[in-house]
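Engineer: Quick one: structure below, then a few questions.
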Amino acid sequence: MSRDLAIQRTFETADDSLHGIIGYHLYTIAMQKAVDEKEILQYLPEKSFQTTFSWIRYYNKEQLIKAFEPPYLELYQCKIQLVALTSIFEAVLSDFIKHLQKKGFIKTSISDNYKSFIDWAYRQSLKANIGEKAALERLPISFGIIDNARRLRNLFTHNNGLFNKKYEQSAIRKNGIVIDIHPFYKEYEKNPKKNVPVVVDWKYFNRFILAHIEALHILHNQIQSEFFGVSEGYSYAEERKPIDFRRVLWGNVNVRLKI
């Protein structure tokens, strides 16, 4: 039988977006190392920039550059990339579920929230038998990392990037998933009144991107196998998909350069 094309398109869009995050990060950090700070100064706005249709804010160009000196650009990049990563994964899981519900394959109710989506995806993936054995065995760890990314995203977007008790309490504790905890949380546990910031560098963020991409492939294979009878897993080689970052970043369309 052939793959469901709607599921495959949803998967490929998310997969490309996740690879695009890697390419964007690599390019940005390399660019920072290659460019002289004095050259950046001449391209920054003088003294102020617009923040609403009617307001401006004053600033200092040199101070802005210092705020992004190594390692701070990397840390900020990883912060916003974590938010992007979890948003992409939440969207693809939601789309998978809605399509399978529409097709009549999912008859039970699934709560419309990201935690429930991850729980469903994990239980679905545990049934998989297509793909690398080590990756299949790693699923409890991979989904623990994925759930940790969700909880860290919530701290960035709802708690000013600071740890709180909800971070640990809201972890998924089902079906043997291995709970993944940021190492700085121990500092918060010692003194919950202390403001302990979430810090994500590239080495730590890389765990998240690897877990999401690996789990996405397993889940896609399992959906195509269980619901559409496809016995062979998705392959970059068979799909003839080398990394074409222009396509990954912009899709299969010619982007208009001016609006």
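Only the coordinates and a few stated rules stand behind these numbers; no lab work does. Being a predicted model, the structure only gives us computed values, none of them experimental. Methodologically, a virtual Cβ is constructed for each residue, glycine included, from the backbone with ideal geometry; neighbour enumeration extends over all protein chains shown.
Engineer: Could you tell me which numbered condition K174 fails, if it satisfies all but one of (1) in contact with a helix residue (DSSP H, G or I) (Cβ under 8 Å, 6 or more places away or on another chain); (2) among the charged types (D, E, K, R); (3) surrounded by fewer than 12 Cβ atoms within 10 Å (Cβ to Cβ); (4) within 24 Å of C78 (Cα to Cα)?
Structural biologist: (4)
Engineer: Across the stretch 95-128, which residue is nearest to A149 (Cα to Cα) among those that are of a type in the set (D, E, K, R) and free of Cβ contacts under 8 Å to residues at least 24 places away in the same chain?
Structural biologist: The selected residue is D112.
Engineer: Which ones in the stretch 214-227 are under 13 Å from F143 (Cβ atoms) and of a type in the set (A, V, I, L, M, F, W, C)?
Structural biologist: Of everything in the stretch 214-227, those that are under 13 Å from F143 (Cβ atoms) and of a type in the set (A, V, I, L, M, F, W, C) turn out to be A215, L216, I218, L219.
Engineer: Now for a separate question. Restricting the stretch 102-158 to residues that are surrounded by fewer than 12 Cβ atoms within 10 Å (Cβ to Cβ) and basic (K, R), which is nearest to I213 (Cα to Cα)?
Structural biologist: Restricting to residues being surrounded by fewer than 12 Cβ atoms within 10 Å (Cβ to Cβ) and basic (K, R), the top hit is K133.
Engineer: Something else now. Could you please tell me which pairs satisfy a Cβ distance under 7 Å, a separation of 6+ or placement on different chains, a first residue in the stretch 35-52 that is of a type in the set (G, A, S), and a second residue that is outside any loop (DSSP other than H, G, I, E, B)?
Structural biologist: Close Cβ pairs (under 7 Å, with a partner that is outside any loop (DSSP other than H, G, I, E, B)) amount to S48/I56; S48/R57; S48/Y58.
Engineer: State whether the residues of the stretch 215-229 include one that is surrounded by fewer than 16 Cβ atoms within 10 Å (Cβ to Cβ), among the acidic types (D, E) and within 16 Å of L82 (Cβ to Cβ).
Structural biologist: Taking every residue of the stretch 215-229 in turn, none turns out to be surrounded by fewer than 16 Cβ atoms within 10 Å (Cβ to Cβ), among the acidic types (D, E) and within 16 Å of L82 (Cβ to Cβ).
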